[in-house]
1. Please identify every one of the GluC sites (Glu not before Pro) in the range 56-96 that sits in a loop by DSSP and has no more than 10 other beta carbons within 10 Å of its own beta carbon.
2. Quick check: pseudo-label points 7 Å beyond the Cα along Cα→Cβ at L100 and T60, how many nm apart are they?
3. Starting from a Cα-only point model with no solvent, please compute log10 I(q)/I(0) by Debye for the range 61-129 at q = 0.13, 0.18 1/Å.
4. What's the long-distance tail for the range 2-55, i.e. % of Cα pairs beyond 17 Å?
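Please treat every number below as a calculation from the coordinates, not as lab data. Because the structure is predicted, anything quoted here is derived from the model rather than measured. Positions of Cβ are backbone-derived with ideal geometry, glycine not excepted, and every protein chain shown enters the neighbour counts.
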Amino acid sequence: MRRWLEDNDRWLLVLDNAPGPQTATGLLAPLEHLADVLPRVVHGQVLITSRDRSWDPQATLIELDLLSSEEAVRFLLRRTGSDDQEAAAEVAELLGYLALALEQAGAYVRETRISLADYLDRLHQYPLRALARGRPRDRNPADTVATTWQVSLEQVGRTPGAVALLEETLRRGSWT
């Protein structure tokens, strides 16, 4: 694959939600690490989305901001077909203006045909269950906000009190 990328023009390689560049690929040398898979001579484009800042030596980092409250509300209203601006604003705030969380909430509201106010009630009552529902467009069904939270919980699980703090933060919607 790497050789093909090096020999051909006009391609796009996307590594979505990539772990760090030194993550094992399960392949034999010289492709042992994720960064080794990248072509050495680039005739196309490589886009890497990652939360791991250690990609810096291999790529130019561009940080993406959260959606503004206005953008988030507009997105939720458009995605759900709702006109309930108040509920959209509360849902957006509870979800921290995160694009994936908003897409998933919008997908759930649209799929289940419930109102944004009903979704807000469910989000308050059963946060993890609500966040696990809704299939974002053009994404892996396993790529949910609940999955993201589960990964976060696993990563901080060794720190005393960290899991309880994350769960309480999610329950209350306290993002600061």
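1. Qualifying residues, ordered by number: E63.
2. 2.5
3. Treating every Cα as an identical point scatterer, log10 I(q)/I(0) equals -0.31, -0.58.
4. Roughly 38 percent, rounded to a whole number.
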